[in-house]
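The values are calculated or read from the model by the stated rules, or taken from the named source; none is laboratory data. Remember, predicted model here, so these are calculated numbers, not experimental data. Here the Cβ positions follow ideal geometry from the backbone for every residue, glycine too, while neighbour counts run over all protein chains shown.
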Amino acid sequence: MAEPRIIEEENVDCYRLLLADEADIALVLPGPGAPPATDSRFEQTPLTTDRQDLLVAATHLLARRKGIELAEAADQPWIVKKHNNDTYPLVTAACAAGFMPRIVHGAKEWYAVSALVAEALGVCPMPRIVPLPEHAVKRIPLRGKSIPTRQLLTAVRRGSSGHPLVSAGLAALRDIASTGEALPVPVSPGTPRRP
């Protein structure tokens, strides 16, 4: 029986891996550099809409709140993932809420972002689907009109979704997404994709 191999790559690289037949399924976010939905090389299907919460230090004044509007974080220093990352455009939601965030720190991995937030170096919008590391942080649900979301898609090479292993992988992702729980954490490569 074939065992899945999960790797983490940026969106643009996921599409490249699909075309090179080095991956069978990609979990991606639409954004700059990604092919349009009309690209005939791929089948791209919405998987889930991931709401964002505000991540604050456990000692932060906002940590006692049960919900917050994004605009209430306008005066806070922000920590975001680096600008060349597929989640950086979420910051534009702050602009829709009427302010430009004051970005003071950037990190690539959510673990590092959470560690910076835990040290009270700033706040961060964080995808609800991302599991929280064991840091002294609190996730506060965003409320109101300007709640940033991410649309996660599955992408496969056109015509490959009928392959039994690809079909089973897509079904597993749909099942996980329907629970609203965090998706599996990427593991080290090493097992074959298919027999």
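Quick look at the numbers
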read-out	value
Members of segment 127-157 found to be part of a strand (DSSP E or B), hydrophobic (A, V, I, L, M, F, W, C) and either over 29 Å from residue 24 (Cβ atoms) or in contact with a Gly (Cβ under 7 Å, 6 or more places away or on another chain) (or both), listed by number	137, 140, 142
Residue within segment 133-142 that is hydrophobic (A, V, I, L, M, F, W, C) and touching a Lys or Arg at 6+ places or on another chain (Cβ under 6 Å) present	yes
Conditions (1) surrounded by 18 or more Cβ atoms within 10 Å (Cβ to Cβ); (2) modelled with pLDDT of 90 or more; (3) farther than 23 Å from residue 28 by Cα: number failed by residue 101	(2)
Tally of residues being of a type outside the set (D, E, K, R) and either assigned to a strand (DSSP E or B) or free of Cβ contacts under 8 Å to residues at least 12 places away in the same chain (or both) across segment 7-50	15
Any pair with Cβ under 7 angstrom, 6 or more apart, that starts in segment 121-145 at a residue that is free of Cβ contacts under 8 Å to residues at least 60 places away in the same chain and ends at one that is surrounded by fewer than 17 Cβ atoms within 10 Å (Cβ to Cβ) and part of a loop (DSSP other than H, G, I, E, B)	130/182; 131/182
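This table checks each residue for (1) loosely packed, with under 14 Cβ neighbours inside 10 Å; (2) modelled with pLDDT under 90; (3) not charged (D, E, K, R).
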{"position": "4", "(1), (2), (3)": "no, yes, yes"}
{"position": "8", "(1), (2), (3)": "yes, yes, no"}
{"position": "56", "(1), (2), (3)": "no, no, yes"}
{"position": "63", "(1), (2), (3)": "no, no, yes"}
{"position": "77", "(1), (2), (3)": "no, no, yes"}
{"position": "89", "(1), (2), (3)": "no, yes, yes"}
